[in-house]
Amino acid sequence: MRIARGALALGAAALAQALLSRYVPALARYCDLFTIIVVYYGLTSPPTAAMMMGTGAGLVEDSLLGAVLGMNGFKKTLIGYLVGSFGSLFMLNQPIPRFGILFAATALDPLAELGLSVAMGRGFVVPGTLDLLQRGLGNGVLGLLFFWVAARLP
């Protein structure tokens, strides 16, 4: 049942991200629904399940963006592992710590891509500080809303 719910959540995130990118690109810049799903699984599941969700979410994101296949898969797997590890060590079930984890995961995403790009010998332009802050705030607020809705579902 948990796998089916995860696949359904991943499909809904892919559809919503694609629709946002197509019809409201200004809003799509401020949220990354795949990162929110991975952080949710990292905080509510064991690290292994979070890593699997991260791998799946990253590969779906790679296929939608036309990026180097596996780049986002590795980034999201890393985020899932780190969030799952922190989630198993600390109590992160209140809104402020969850917001902080969402913000940190959003900031880690381009840093991991920078490291992978350097390792592969590719160029990568790091987003500006303002862009990272805006995306972190967008993911934090939308992620808290997602956590609230997910807690109310059966």
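No value in this document is a laboratory result; all are computed from the given coordinates. Note that the structure is predicted; figures quoted are calculated from it, not measured. Please note: Cβ atoms are built from the backbone with ideal geometry, for glycine as well, and neighbour counts cover all protein chains shown.
Listing for the model above:
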{"item": "Dipole of the chain, positive end: most advanced residue of G70, A105, S117 [Cβ charges, Cα centre]", "result": "A105"}
{"item": "Percent RCO, i.e. relative contact order, over the chain, from Cα pairs under 8 Å lying at least 6 residues apart", "result": "23 percent"}
{"item": "Helix-derived mean residue ellipticity, 222 nm - over the chain, DSSP H n ≥ 4, -39500 (n - 2.57), to 500", "result": "-27500 deg cm²/dmol"}
{"item": "√(5λ) per eigenvalue of the Cα gyration tensor, the chain, largest first, Å", "result": "22, 17, 17"}
{"item": "Charge dipole (debye, nearest 20) of the chain; +1 at Cβ of Lys and Arg, -1 at Cβ of Asp and Glu", "result": "280 debye"}
{"item": "Sparsely packed chymotrypsin sites (Phe, Trp or Tyr not before Pro) within the stretch 26-122, loop by DSSP, other Cβ within 10 Å at most 13", "result": "F90"}
{"item": "Per-peptide average of other Cβ atoms within 10 Å, ordering 105-112, 47-54, 60-67 highest first", "result": "47-54, 105-112, 60-67"}
